[in-house]
Each structure stands twice: as C-alpha cells, then as structure tokens.
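Asker: Here it is, the structure in full.
The values are calculated or read from the model by the stated rules, or taken from the named source; none is laboratory data. Keep in mind that this is a model prediction, so the values were computed, not measured. Positions of Cβ are backbone-derived with ideal geometry, glycine not excepted, and every protein chain shown enters the neighbour counts. Accessible surface areas use protein heavy atoms only, side chains included; no ligands, DNA or RNA. Shrake-Rupley method; radii C 1.70, N 1.55, O 1.52, S 1.80 Å.
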Amino acid sequence: MPASSFVYVGARTTKERNARGDGLNVYAMDNASGAWCHVQLLGDLVNPSFLAFDRTGRFLYTVHGDLSDITAMAIDPAAGTLRVIDRQSTEGKNPVHLAIDPSNRFMVVANHITSTLALLPRHEDGSLGAVVDLVKLEGKIGPHRVEQPFAKPHQVEFDPSGKFIVVPDKGLDLVFTYRIDSEKGKLVLAGKPIQAREGAGPRHVAFHPGGRLAYIVNELDSTVTAYQFDPETGALAPFQIVSAVPDAYTGNSRAAEIAVSADGRFVYASNRGDDSIAAFAIDPASSRLSPIGWTKTGGKTPRFFALALSEKFLFAANEDTDTVNLFKRDAASGRLVAADQVVHIGSPVCILIKTP
C-alpha cells in the first residue's frame, strides 16, 4: 500500500442550513497513522454534500444540496488535487446522492425534494451530458406530518453485481429497485417496491459483499432492517428489524449512514441525537444482526462515516460540531475505540477516500 491516500470532504455551506462549511476540502492521509494534512480547498462550491468517484477513480463528482446541479472534477493522480471540468443540471431539487454504473457510461441521481431519479450520460473526459431520463417516484406518503409530505428518494445504490439500483424512499416508506436499459438510456423499475414499516423513513442501504443481503437504515424511527436480496431479480425480502440506538436512550434521534464491513461480519450505523456509531455482528448462519455496542462520535450529528485503510479506521463526520473524529477498529471483534485525532472542518457531511 502507498504511504498516503487522499481524502475528499464535502460540507454544507449555506445560511439556510445553518452551515459553517467553506466548500470541498482535500487532504493527504498518512496510511499508517490516519493523520490528515490539508491539500486544497474548492471554496466556490455551494453545499458539496455528497461525493462519488467514477469507476476508474480518475474523476470526482459532487451534488449541490438544495440546488439542482452536479459538478464534475478531474483528479490529479499525484497530488490528489481537483480541477473542475463542468457542471450539469439534475432537473430536480436538492440532489442528495449519486452513483456511476459499472460501465462508467451513466450517472444516477436522487432528487430528494422533487421526488425524481435522474439518469445522465457520462463521457470519457469525465464530463456529463444532459439528463436523458427522469423518473417520478409515487406512492402513499408516510404518517410523519413534517418529514413525509411527498416521495423523498434518499439514495441510489448499485448492488455488488452492478445490475440493480436500490432506492430507499424516506417519504413513502418504500424501497424501490431499478435497473438501467443502456440501449434506450432509461431507468426501468425492477418489480414491486418493498414496503417498510410505517413511519420508518428508509434512508440508506449497504450490501453484504456476498451479494445476497442488504441492510437498510431507517432515519425516522432509528432502526436497521435486514433483507434477503435476489441478485437475479433485484427483489428484497425483509427478515429482521433492530433498533439503531441503545435501549436506554430515550431522547430523539435520527439514523443516517450505514456500512457493512468488507469481510461481511459487521454492520455499522450512525445516530444523530444519540450521536453514536452502532455496531452489529452478522450471524454467519442466519444473517441476523445482534448489537455489539455503541460508540460516541465525539461530536454532534454524525451525518456520515467512512471505513478506511483496510477498515483499520473509521472516520465520523460530526456535522453540527464541525469535526471529523478518528476511531480505530478491531477487525476481530468489530469494536471501535476513539483515537486521539480530530480534524476541524465546518459542517462536514461526506467523506470519500482514494488510495492511489
């Protein structure tokens, strides 16, 4: 492994979000200690709130939260610095997540406020073409009077095979599955959407590396649902739901991010309110989850976290206290231990790591 990696941190920047971020920051990271050194700030980007690499790792893309755009950037392979290529409309409001298909020819975006999924062509020079398909998500809204006024797709995540896109919808309490018809440039619904628990607010999904399990974190009721996933049809079948917060926690909390360890033994989820990372063990026989502990993130509102460097570390982005906190991860037990390292970044909400 090279001596250093590059870290890209997206942030909220606007007064409307009560944000203190200054744009998109780039860091060099020491692969032994996990320490960060600042390299670059792209300060003219508004709410670069979620980031994604293309399939070659040569380009980086960010959606602009509360706006209607994506910015495409080229990555300098030696320095890790970014150069803006172009900007493209998502034809929707508040794009919150984006993903590039395995062929590297298409980008899918979730427009959270206008209830749509957008499909854009991606070119070899890293630039994006105009939207070629825009799909409106529809269904019965959930019962939460504030958070569920209409369909709210929150993520577009490809399964490990790259054949299907799973879309948790916070507003409808549904989980959709789509595929791309690459010949026609269309998004195609793959089967009937799966109903989540009423008021759960499905937010993000993480797949087991084996390709036959998916775990979805539900924002509004702070739970995690385990699903069987059929890699041939894209069908999801729920078989367990567990609390993402400790049973002694009686306050308000909203779940945010979820990840499955690369060895397929553990699931992690973040809680905004309890301000913790929940860790669960996956039973190798039943695939059911059992909690192994909760670790405080050292700040408030951990909207995002990232496993890094062969998953020896976990970085938690505490949006409301302007820090990214480092945790060491024990591969055998799955447990997290806070390390003596904090990076100060205004309103961090997404972390992407590139090892050259």
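Asker: Taking the alpha-carbon distance from residue 15 and a cut-off under 18 Å, which lysines remain once sequence neighbours fewer than 8 residues away in the same chain are dropped?
Answerer: Answer for residue 15, where 18 Å is the Cα cut-off: 93, listed by chain and number.
Asker: For residue 328, which lysines qualify as cross-link partners when the Cα separation must be under 30 Å and same-chain residues fewer than eight apart are set aside?
Answerer: Once the sequence-local lysines are set aside, what remains near residue 328 is 296, 300, 312, 354.
Asker: Right, something else. Before anything else, pin down the relative contact order of the chain: Cα pairs under 8 Å, at least 6 apart, normalised by residue count, whole percent. The partial results should precede the final answer.
Answerer: Details: 1056 pairs, mean separation 41.4, N = 356.
For the chain, the relative contact order is 12 percent.
Asker: OK, next. Have a look at 340, 54, 169 and tell me which one the Gaussian network model of the chain (Cα, springs below 10 Å) gives the largest fluctuation.
Answerer: 340
Asker: Another question, if that's okay. Express in whole angstrom the spacing between the alpha-carbon centres of segment 88-144 and segment 180-255.
Answerer: Centre-to-centre distance over Cα atoms comes out at 19 Å.
Asker: Sticking with this one: Pick from 52, 237, 11 the residue whose mean-square fluctuation is largest in a GNM of the chain, springs joining Cα atoms under 10 Å.
Answerer: Judging by the Gaussian network model, the answer is 237.
Asker: While we're on this one: Over the chain, average the accessible area per residue using a 1.4 Å probe and give it in Å², no decimals.
Answerer: 39 Å²
Asker: Would you mind working out the magnitude of the charge dipole of segment 101-182 relative to its Cα centre, with +1 at each Lys and Arg C-beta and -1 at each Asp and Glu C-beta, to the nearest 20 Debye? Could you put the intermediate results ahead of the total?
Answerer: On the way: 9 positive and 11 negative charges, 51 e Å.
Computed about the Cα centre, the dipole is about 240 debye.
Asker: Within segment 224-256, name every residue whose backbone N is under 20 Å away from a label modeled 7 Å from Cα of residue 184 along the Cβ vector.
Answerer: Hits in segment 224-256 for residue 184 at 20 Å: 233-235.
Asker: How much of the accessible area of the chain, in percent, comes from carbon and sulfur atoms when a 1.4 Å probe is used?
Answerer: Ligands and nucleic acids excluded, carbon and sulfur give 51 percent.
Asker: Okay, next question. Treat segment 143-223 as a sphere of radius equal to its Kirkwood radius over Cα pairs and apply Stokes-Einstein at 20 °C in a medium of 1.002 mPa s; give the translational diffusion coefficient in µm²/s, rounded to a whole number.
Answerer: 164 µm²/s
Asker: Can you report the principal axis dimensions of segment 44-166 using only the alpha carbons, biggest first, rounded to whole angstrom?
Answerer: So the three principal-axis extents are 50, 35, 23 Å.
Asker: Counting alpha carbon pairs within less than 8 Å and at least 6 residues apart, what relative contact order, in whole percent, applies to segment 96-232?
Answerer: Rounded, it is 16 percent for segment 96-232.
Asker: Sorted by average packing, counted as other Cβ atoms within 10 angstrom per residue and highest first, what order do 272-278, 38-44, 195-201, 137-143 take?
Answerer: Peptide ranking by packing, descending: 272-278, 195-201, 137-143, 38-44.
Asker: Sort 97, 144 by heavy-atom solvent-accessible area, probe 1.4 angstrom, most to least.
Answerer: The residues order as 144, 97, largest area first.
Asker: Report the calculated FRET efficiency for residue 81 and residue 145 (r = Cβ-Cβ distance, R0 = 56 Å), to the nearest 0.05.
Answerer: Values: r = 46 Å, r/R0 = 0.81.
E between residue 81 and residue 145, to the nearest 0.05, is 0.80.
Asker: Within segment 281-338, which trypsin sites (Lys or Arg not before Pro) sit in a loop by DSSP and count at most 13 neighbouring Cβ atoms inside 10 Å? Provide the component values of the computation, followed by the final result.
Answerer: Working: sites: 288, 296, 300, 303, 312, 328, 329, 335; in loops: 288, 300, 312, 335.
Passing sites in segment 281-338 are 288.
Asker: Could you work out how much longer the chain between residue 198 and residue 58 gets when fully extended? Use 0.36 nm per residue separation minus the Cα distance between them, nm to one decimal.
Answerer: So the chain would gain 46.3 nm between residue 198 and residue 58.
Asker: Describe numerically, in nm with one decimal, the distance between label points set 7 Å from Cα along Cα→Cβ at residue 283 and at residue 212.
Answerer: In this crude spin-label approximation the distance works out to 1.6 nm.
Asker: Roughly how big is segment 128-282's charge dipole about its Cα centre, with Cβ charges of +1 (Lys, Arg) and -1 (Asp, Glu), in debye to the nearest 20? Walk me through the numbers before you get to the answer.
Answerer: Numbers: 16 positive and 19 negative charges, 58 e Å.
The calculated dipole for segment 128-282 is roughly 280 debye.
Asker: Using the Cα centre of segment 128-189 as origin and beta-carbon charges of +1 (Lys, Arg) and -1 (Asp, Glu), tell me which of 178, 141, 131 is placed farthest towards the positive end of the dipole.
Answerer: Of the listed residues, the answer is 141.
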